[in-house]
Amino acid sequence: MKKYEHDVTFHPAEDLGRSGFVCSEDGVCGAGGIDDSRTAPLKALLDERGGDGWELVQLTFGRAGALAFWKREYE
């Protein structure tokens, strides 16, 4: 049977740059004006964690940044 370890990480909005993912004051989130240059910080985060064997399970955005849920298999 496969076994997994999990991690939850917070990434401040400043670290993600102007990715195009935004949330309004009332908490409604969406994406706007996204192109490759604006998603580079997010891609770098995914590539870095993926390179360490972590698989992204979910990514949730808010006004302050993003909360990422990860898993990876272990023996």
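The values are calculated or read from the model by the stated rules, or taken from the named source; none is laboratory data. None of these values were measured; they are calculated from a predicted model. Here Cβ is always computed from backbone atoms with ideal geometry, including for glycine, and neighbour counts include all displayed protein chains. Protein only, heavy atoms only, side chains kept; ligands, DNA and RNA dropped before computing areas. Shrake-Rupley method; radii C 1.70, N 1.55, O 1.52, S 1.80 Å.
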If the Cβ limit is 8 Å and pairs must be 6+ apart or interchain, which residue in the range 57-75 that is farther than 15 Å from E14 by Cα pairs with which residue that is outside any strand (DSSP E or B) and open to solvent by less than 70 Å² (accessible area, probe 1.4 Å)?
A68/L45; A68/R49; W70/R49; W70/W54; K71/W54; R72/G53; R72/W54; E73/G53
If you go through the range 1-48 one residue at a time, how many are modelled with pLDDT of 80 or more, touching a Leu at 6+ places or on another chain (Cβ under 7 Å) and outside any strand (DSSP E or B)?
3
